[in-house]
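Here is the structure we will look at, set down as structure tokens.
The values are calculated or read from the model by the stated rules, or taken from the named source; none is laboratory data. It should be emphasised that the depicted structure is a prediction, and the values quoted were computed from it without experimental measurement. Using ideal geometry, Cβ is built from the backbone for each residue, glycine included, and neighbour counts are taken over all protein chains shown.
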Amino acid sequence: MITRHITSIVQQALNRQAAVALIGPRQVGKTTLAYELADTRPSLYLDLESPADRNKLSDPELFLGQHEDKLVILDEIHRVPELFQSLRGLIDKGRRIGKRTGRFLILGSASIDLLRQSSETLAGRIEYVDMGPLDIQEAGESNADLNRLWLRGGFPDSYLAANDRDSLILREAFIRTYLERDVPQFGFRIPTETVERLWTMLAHQQGGLLNVSQLAASLGVSSHSVNHYIGLLMDLLLVRRLQPYHANVGKRLVKSPRVYIRDSGLVHALLRLGDLNTLAGHPVVGASWEGFVIENLLAAAPRRTQASFYRTAAGAEMDLVLELGGEHGLWAIEVKRSLAPAPSKGFHHAREDLQPARTFIVYPGQDRYPLSAGVEVISLRELAGELTKLP
């Protein structure tokens, strides 16, 4: 059993606000966490994918008004977006009688931005918490645990599977579920075969610059459709577009975003890479490690962190730029899949351009040491720990 550190974050949010939205991809453990919270206080759980539970809410004010003394957990809220209007009235009524916090825990499998479009009526009454897959600080502390998390990804059932083969089968089923159920639910009449091909192409090009025209030509669809499909995968919290860093540095900067499949285990499942030996011999190995590191660091970074990458037409490049704000300033991070990392000229040129407060090279080793003036080589776990401690 793995204890998720996000549990305390949700508890604190419930102590501050009447409604808390816990947002994360399907099978990431939202419902499990909700049940754990339900065991600590009087609660009512409603699964809005269940017709029986949806029927209970045919008159939501009447039904939920009978449970004012409970934490009401509403799972898969995107199935009934019109419910937000009723929740506003119930929250405002509760405030008048002194019930100001901990009324509703809302679980959703779509992005915060997508959910927020439906929940504007709860402005000032709701707090959003993003729940991702397991990260490096929640897995075990050994090298074997690190490699298992990288290979299998952070979805709990996949990570905790009895062996690598079972983990791969679970991830393949997860992908099939998304293609056959969630994509049609959110994406209307998008051909699942097309989305699967796009998803696989993105896995092959993990961390590459987005070339919509090239993808559209390969898929035989329009550029508009490709943008729509990628947007859908982003809304489902499966794909990340990392934007280029823009600053007045007097250089010609790359303008295209980089695209990553957010969970490394899904990258490997889409490419049929079932064990570490097979992964080590595949061309995607370096890009997969880079995406894995970036996702773990972003999971650890403070909420308001602005993340990007830096690349110029002349070849200056930095894998991750974190704008932390305040006294912490800007951190520049390069990712290397080598126990003896040697940065390129492009790395040093990027440092000269960016003038970061701190610069790190993340590698798969455990030791921490200075490589040159202002540059530290550090493990993923240790850098994630430093980010977590920032306010």
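Does SER158 satisfy being closer than 24 Å to SER50 by Cα and buried (at least 19 other Cβ atoms within 10 Å of the Cβ)? No, not satisfied.
Any chance you could count how many residues in the stretch 95-111 are touching a Lys or Arg at 6+ places or on another chain (Cβ under 6 Å) and modelled with pLDDT under 90?
In the first step, residues of the stretch 95-111 are kept if they are touching a Lys or Arg at 6+ places or on another chain (Cβ under 6 Å); the result is 107, 109.
So of that shortlist, the ones also modelled with pLDDT under 90 come out as 109.
Result for the stretch 95-111: 1.
Of the strands (runs of 3 or more DSSP E) contained entirely in the stretch 1-109, those carrying at least 1 residues that are among the acidic types (Asp, Glu) and outside the structural domain of PHE155 (by TED's automatic domain parsing) fall at 43-47, 71-75. Restricting attention to the stretch 335-346, does a residue exist that is farther than 25 Å from VAL284 by Cβ, buried (at least 17 other Cβ atoms within 10 Å of the Cβ) and in contact with a strand residue (DSSP E or B) (Cβ under 6 Å, 6 or more places away or on another chain)? No; the residues of the stretch 335-346 include none that is farther than 25 Å from VAL284 by Cβ, buried (at least 17 other Cβ atoms within 10 Å of the Cβ) and in contact with a strand residue (DSSP E or B) (Cβ under 6 Å, 6 or more places away or on another chain). Restricting the first member to the stretch 288-299 and to residues that are acidic (Asp, Glu), and the second to residues that are in a helix (DSSP H, G or I), the beta-carbon pairs closer than 9 Å and six or more apart or on different chains are GLU295/SER264. A single member of LEU33, LEU44, LEU22 is at pLDDT 95 or above and either hydrophobic (A, V, I, L, M, F, W, C) or surrounded by fewer than 16 Cβ atoms within 10 Å (Cβ to Cβ) (or both), and it is LEU44. The set of residues in the stretch 173-199 being touching a residue at least 24 places away in the same chain (Cβ under 8 Å) and surrounded by fewer than 16 Cβ atoms within 10 Å (Cβ to Cβ) consists of THR177 alone.
Looking at HIS246, HIS228, HIS268, which is the one that is surrounded by 18 or more Cβ atoms within 10 Å (Cβ to Cβ) and over 17 Å from VAL335 (Cα atoms)? It would help to see each step written out before you state the result.
On the way: HIS246 fails: surrounded by 18 or more Cβ atoms within 10 Å (Cβ to Cβ); HIS228 fails: surrounded by 18 or more Cβ atoms within 10 Å (Cβ to Cβ).
Selected residue: HIS268, the only one of HIS246, HIS228, HIS268 that is surrounded by 18 or more Cβ atoms within 10 Å (Cβ to Cβ) and over 17 Å from VAL335 (Cα atoms).
State whether the residues of the stretch 57-76 include one that is under 27 Å from the mean Cα position of the chain (by Cα) and among the charged types (D, E, K, R).
The first filter runs over the stretch 57-76 and keeps only residues under 27 Å from the mean Cα position of the chain (by Cα), leaving 71-76.
Retained after the next criterion (residues that are among the charged types (D, E, K, R)): 75-76.
Yes; the residues of the stretch 57-76 include at least one that is under 27 Å from the mean Cα position of the chain (by Cα) and among the charged types (D, E, K, R).
For the stretch 319-326, check the following and say yes or no: at least one residue is over 23 Å from LYS389 (Cα atoms) and either at pLDDT 95 or above or in a helix (DSSP H, G or I) (or both). Before the answer, list the steps.
From the stretch 319-326, those over 23 Å from LYS389 (Cα atoms) are none; that's our starting set.
Scanning the stretch 319-326 turns up no residue that is over 23 Å from LYS389 (Cα atoms) and either at pLDDT 95 or above or in a helix (DSSP H, G or I) (or both).
Mind listing whichever residues of the stretch 62-98 are small (Gly, Ala, Ser), surrounded by 17 or more Cβ atoms within 10 Å (Cβ to Cβ) and within 21 Å of GLN11 (Cα to Cα)? First the steps, then the outcome.
Step one: of the stretch 62-98, the residues small (Gly, Ala, Ser) are 65, 86, 89, 94, 98.
Filter once more, so that each one left must be surrounded by 17 or more Cβ atoms within 10 Å (Cβ to Cβ): 86, 94.
Hit for the stretch 62-98 is GLY94, nothing else.
Inside the stretch 252-263, residues that are in a loop (DSSP other than H, G, I, E, B), basic (Lys, Arg) and more than 17 Å from ARG148 (Cα to Cα) make up a count of 2.
Considered as a group, the residues in the stretch 147-165 that are small (Gly, Ala, Ser) and closer than 11 Å to SER264 by Cα include one that is farthest from the chain's Cα centre (by Cα), and that residue is GLY153. Using the structure shown, decide if LEU266 is within 30 Å of ILE77 (Cα to Cα), under 20 Å from the mean Cα position of the chain (by Cα) and in a helix (DSSP H, G or I). When the stated conditions are applied, LEU266 passes them. Where helices (runs of 4 or more DSSP H) fall entirely within the stretch 171-242, those with at least 2 residues that are over 19 Å from SER308 (Cα atoms) and under 19 Å from the mean Cα position of the chain (by Cα) are at 183-187, 192-204, 223-235. Looking only at the stretch 354-374, count every residue that is crowded, with 20+ Cβ neighbours inside 10 Å and either more than 26 Å from the chain's Cα centre (by Cα) or among the β-branched types (Val, Ile, Thr) (or both) and tell me the total. Of the residues in that region, 3 qualify. Filter the stretch 249-263 down to residues that are under 20 Å from the mean Cα position of the chain (by Cα) and of a type in the set (A, V, I, L, M, F, W, C), then give me how many there are. Summing the residues that are under 20 Å from the mean Cα position of the chain (by Cα) and of a type in the set (A, V, I, L, M, F, W, C) in the stretch 249-263 gives 2.
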